[in-house]
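Novice: The structure that follows is given in the form of structure tokens.
The values are calculated or read from the model by the stated rules, or taken from the named source; none is laboratory data. Small disclaimer: the values here were computed from a predicted structure and weren't measured. Virtual Cβ from ideal backbone geometry, glycine too; neighbours counted across all protein chains shown.
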Amino acid sequence: MVERTSRYVILAKLDAPTAYAAAQAITREMSRMAPSLLKTMTHDQGSEMARHAEITAHTGLKIYFADPHSPWQRGSNENTNGLLRQYLPKGTDLSLVTQERLDEIADLLNTRPRQTLGWKFPVEVLVEYLQLLASNKLETIN
């Protein structure tokens, strides 16, 4: 999963290649995120999102689906998939990749400067964004 504003990456190991496992993993990982980030998710037409209504019920995320054969509608995700191939080449048996390794890869990607972010790190942009959201909320309350 890729947060669109910061390009922050979250990788989750699935227990099985099923819609149920995907829903569990997405729900688990999204529960760790700041609620202010949980607005929408855009996904492709894959069968792993067959339980999208459950994800919405548990997280509040509105889930949208890109048109078939339209990867440009999920540009950040497609770019991130390309970056992931540097660590997990095509043909890698993902059942052998641990969550710990996925966390390492996510950390490498989240601390890698990105041109699209003005050469800032995704984690840096995410923190700045959350601080901005918090300060705007505080101004509204006061």
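Novice: Considering only residues that are in a loop (DSSP other than H, G, I, E, B) and either in contact with a Lys or Arg (Cβ under 8 Å, 6 or more places away or on another chain) or loosely packed, with under 13 Cβ neighbours inside 10 Å (or both), which ones fall in the stretch 29-56?
Specialist: SER31, ARG32, ALA34, LYS39, ASP44, GLN45, GLY46
Novice: To continue, here is another question. For the stretch 10-28, check the following and say yes or no: at least one residue is part of a strand (DSSP E or B) and surrounded by 17 or more Cβ atoms within 10 Å (Cβ to Cβ).
Specialist: no
Novice: Let me ask something additional. Under 9 Å between Cβ atoms, at least 6 apart or on separate chains: pull out the pairs that start in the stretch 98-114 with a residue that is among the aromatic types (Phe, Trp, Tyr) and end on any residue that is outside any helix (DSSP H, G or I).
Specialist: From residues that are among the aromatic types (Phe, Trp, Tyr), there are no pairs.
Novice: If the requirement is being closer than 24 Å to THR116 by Cβ, β-branched (Val, Ile, Thr) and touching a helix residue (DSSP H, G or I) at 6+ places or on another chain (Cβ under 8 Å), which of these qualifies: THR80, THR59?
Specialist: Answer to the check: THR80.
Novice: Among ASN110, ASN136, which is over 23 Å from ALA23 (Cβ atoms) and surrounded by fewer than 13 Cβ atoms within 10 Å (Cβ to Cβ)?
Specialist: ASN136
Novice: Another question, if that's okay. Looking at the stretch 114-130, can you tell me whether even one residue there is of a type in the set (Phe, Trp, Tyr) and within 30 Å of ALA16 (Cβ to Cβ)?
Specialist: No; the residues of the stretch 114-130 include none that is of a type in the set (Phe, Trp, Tyr) and within 30 Å of ALA16 (Cβ to Cβ).
Novice: Okay, next question. Just one of LEU83, LEU132 is farther than 25 Å from THR27 by Cβ, part of a helix (DSSP H, G or I) and aliphatic (A, V, I, L, M); which is it?
Specialist: Answer to the selection: LEU132.
Novice: Another question about this same structure. Anything in the stretch 57-100 that is of a type in the set (Val, Ile, Thr), surrounded by 15 or more Cβ atoms within 10 Å (Cβ to Cβ) and either over 14 Å from MET1 (Cβ atoms) or more than 17 Å from the chain's Cα centre (by Cα) (or both)? List them, or say none.
Specialist: Within the stretch 57-100, VAL97 is the sole residue that qualifies.
Novice: Still on this structure: What is the residue count in the stretch 116-133 for residues that are surrounded by fewer than 10 Cβ atoms within 10 Å (Cβ to Cβ) and either among the hydrophobic types (A, V, I, L, M, F, W, C) or at pLDDT below 95 (or both)?
Specialist: So the count comes out to 1.
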